[in-house]
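The values are calculated or read from the model by the stated rules, or taken from the named source; none is laboratory data. This is a predicted model, so every value here is computed, not measured. Glycine gets a Cβ as well: all are built from the backbone with ideal geometry, and neighbour counts include every protein chain shown. Please note that ligands, DNA and RNA were not included when accessible areas were found on the heavy atoms of the full protein model with its side chains. Shrake-Rupley method; radii C 1.70, N 1.55, O 1.52, S 1.80 Å.
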Amino acid sequence: MMTSTPLLRDWQALCSEIGERRAGTAGERAAADYIAAEWRSAGLQHVRLEPFPCTSMAELHAEVHAPVRRGWQPVEAAALVGTPPTPGPRLLEAPLAWLEMPESAHRLRRGRLRGRILALFGPLPTEAAVHRRLVAAAPLAVIHVDERLPFGWTKQDGMYPYWVKRYGVRPTLTVPFRAAWDWRRHGVDRLRVRVVARPIQGQSQNVIGELPGRDPRRPAIVVSAHHDTQCGNVGADDNASGVVALLALARELGRRGRRFERTVRFISFGTEEQLSVGSAAYVRRHRISKRDAALVINFDSVASPLGHFIMWVAGAAALERFVKARLAARGVDVIARREISPFFDHFPFNRVGIPSLTFMRENFPGGRWQHHSPHDNLENVSPEVLQRLLDGCAPLIASLAGQRRLPFPAGLPAEQQARARKLGRDLLGT
C-alpha cells in the first residue's frame, strides 16, 4: 500500500510553492519541470517536454456595477479566458435582458439583444449552432450565471478556442449566483459592465515519460492528467490531484522493477482548461491511432473529501465490467457513465477511436462546489481519498500492461465513435 507522505509533498510543491498554473505562464512551466524531474527520479524513460502554442492572457478582468439607492455598487466578476474586451476604456451602461438556457435558445434572433447586457442563466451553449445565434443576437456583453454553483463567489472559466476563432464571441463574464439572484428578486433592469482582455501568444507543454514494455509493437496504456489551472486558484483538486496521482503511480509501477508486456506511457497535458488543447496537440503531433494506444486512463479532480467516484467510460461494456470488478475487489466502488464526454483530456483520443476511462470525484450535482474558485485549495482535498483510488488503480494498470491480449474489444462501439466524430467536428473543428 502506497504512503500518503509523497502525495502531500507533491501537493505542496504544486499548490503552495508554484501556485496558479495558467496556460502559457511561468507557473505552468514550473509544474511541467517538476513533473519531469520526479518522473526521472522514479525511473521513467524518454522523459521530455513537448511545447505547443497556446493562448495566454497578459491581462484579463471584468467589472460589474449594479444600481443601488444612492448610486452604483461594484459586484464581484470574472472575465472568461478567450473573451474579447468591451469597447473603450469606460464602464458601459445598458438595459439588462434575461435568458434561461437551454429552453429559451429559440428566442435568440439576429440583432435582438443589440445594445443590451444579457444575463444568461444555465449552461452556455454547447452546440455551435446555438453559439452562433447568441453571437448574432449581438448583446453588448453576456453575463453567465452558472446554475450548478449557487454560491456567493464567482468562478473562472474559458471559451472554446475553435469557436472563438471560427465564429467569434461576445464579451463574456461571470458573476456569483447570489448576485444574479438579488438582481432578479429586486427587479434590476440596468447594469454597468467592463471587460478587459489582452490575449497573447504563449507556449504550453505536455510532459511525457514511459515505462517501456517488452513488446513495443503492442499499443500502450496511456495514463494521463493535466497540470494547468484556471485563473485565480491553485487548483488543488482541478487538477493537482490528477498530477499527484500520476507521480504516485509512476513511482509505484516503476518500483516493481520489471518490464510489462506493454508500454505504460504517462502524460501530463498543458492547457486542458481551454478544452484539452494540449491533448489535441499531442494526438495531432504524433498522429496517434489505435496502433499506438490501447486505452487512456485519465485522472481529473479526484480528491474531494466527500463525494462519489465517477468513471467516464468510452469503450465496450466489457471494459466497464472488467474495471469495475477489479476496483471493487480493492475496495473502490465507482459510478460508471458509459458515454462520450468532450470535456476531459481523453476526448482527442476518443476522436481517433481509442477507448478511455476518466476518473473524477463529484461532490455536487454535476461537478464540485469549489469548481474554478479560490476554494479549490489544499484545505479541500483529501490525501486519504486519493490514496484509496490509487490503491485500486495501480494494480489495475499493472494488470492491463502485463497482458498480451486485453479483456475487452479494441476501439469504440459504433454509436460512441459516431458521437465522438460529431463532437470533434462541432467543438474542435477536426
_Loop sites in the stretch 362-430: trypsin sites (Lys or Arg not before Pro), DSSP, at most 13 other Cβ within 10 Å_ = R404, R405
*Which value, in Å² rounded to 10, gives the accessible area of H226 with a 1.4 Å probe and all protein chains present?*
0 Å²
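Please give me the summed charge of the neighbours of D228: other residues whose Cβ is under 11 Å from its Cβ, Lys and Arg +1, Asp and Glu -1.
Values: positive: R21, R22, R29; negative: E20, E28, D238, E272, E273, D345.
It works out to a net charge of -3.
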*Please work out the Cα center distance from the stretch 160-181 to the stretch 64-115, rounded to the nearest Å.*
10 Å
*asked:* So the label point goes 7 Å from the Cα of E362 along Cα→C-beta, right? Which residues of the stretch 126-170 then have their backbone N under 14 Å from it?
replied: 148-149
*What spacing in nm lies between the two simple spin-label points modelled at A418 and Q403, each 7 Å away from Cα in the Cβ direction?*
2.8 nm
*Virtual spin-label span in nm between F343 and S41, 7 Å along Cα→Cβ*: 3.5 nm
*Longest span of the chain, sites excluded, free of GluC sites (Glu not before Pro) in DSSP loop with at most 11 other C-beta atoms within 10 Å?*
104-338
_In the stretch 33-70, whose amide N lies under 12 Å from the spot 7 Å out along Cα-to-Cβ of R285? List them in ranges._
48-54
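Let me know the charge dipole size of the chain about its Cα centre in debye, to the nearest 20, where only the beta-carbon of Lys, Arg (+1) and Asp, Glu (-1) is charged. Write out the running numbers ahead of the final one.
Details: 60 positive and 41 negative charges, 310 e Å.
The dipole magnitude comes to about 1500 debye.
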*Give the residue from P374, F349, F359 lying farthest towards the positive end of the charge dipole for the stretch 300-385; charges sit on Cβ (+1 for Lys and Arg, -1 for Asp and Glu) and the dipole is referred to the Cα centre.*
F349
*Residues in the stretch 350-386 near a label at D333, defined as backbone nitrogen under 17 Å from the 7 Å Cα→Cβ point?*
361-363, 385
*Among H371, H61, H106, determine the one that fluctuates most according to a GNM of the chain built with springs between C-alpha atoms less than 10 Å apart.*
H106
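Kindly report the accessible area of the chain per residue (heavy atoms of protein chains, probe 1.4 Å, no ligands, DNA or RNA), in Å². Write down the numbers at each step before the final one.
On the way: 18070 Å² over 430 residues.
On a per-residue basis, 42 Å².
Given +1 on the Cβ of Lys and Arg, -1 on the Cβ of Asp and Glu, and no further charges, what dipole in debye does the stretch 58-214 carry about its Cα centre, rounded to the nearest 20? Working shown, then result.
On the way: 24 positive and 13 negative charges, 127 e Å.
Value, rounded to 20: 620 debye.
Of all DSSP beta bridges located in the stretch 139-296, what percent are antiparallel, nearest 5?
Values: 5 of 17 bridges.
Taking every DSSP beta bridge with both residues in the stretch 139-296, the antiparallel ones total about 30 percent.
With a ≥ b ≥ c the root eigenvalues of the C-alpha gyration tensor of the stretch 298-430, is it rounded (a/c under 1.5), prolate (a/b larger than b/c) or oblate?
The shape class here is oblate.
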*Arrange the peptides 216-222, 244-250 so that the one whose residues have, on average, the most other Cβ atoms within 10 Å appears first.*
244-250, 216-222
_Out of all DSSP beta bridges in the chain, what portion is antiparallel? Express it as a percent rounded to 5._
55 percent
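Express the carbon and sulfur contribution to the solvent-accessible surface of the chain as a percent, rounded to the nearest whole number, probe 1.4 angstrom. Kindly include the intermediate steps, with their values, before the conclusion.
On the way: 8930 of 18070 Å².
C and S fraction of accessible area: 49 percent.
What does the charge count near R251 come to, summing +1 for each Lys or Arg and -1 for each Asp or Glu among other residues with Cβ under 11 Å from its Cβ?
Details: positive: R255, R256; negative: D10, E38, E252.
Here the charged neighbours net out to -1.
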*Using the Kyte-Doolittle scale, find the helices of the chain whose mean hydropathy is at least 1.6 and whose Cα atoms extend 15 Å or more along the helix's long axis, counting only whole DSSP H runs.*
none
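Would you please report the Å³ per residue occupied by the convex hull of the alpha carbon atoms in the stretch 224-335? Don't skip to the end; give the middle numbers.
On the way: hull volume 15.3 nm³, N = 112.
Expressed per residue, the convex hull around the Cα atoms of the stretch 224-335 is 136 Å³.
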*asked:* Output wanted: per-residue J couplings in Hz (rounded whole) for the stretch 260-269, from phi through Karplus 6.51 cos²θ - 1.76 cosθ + 1.60, θ = phi - 60°, x for Gly and Pro.
replied: 7, 5, 10, 5, 9, 10, 9, 9, 9, 8
*For R337, list long-range residues whose amide hydrogen, built 1.01 Å from N in the peptide plane, is under 5 Å from its own amide hydrogen.*
M311, W312, V313
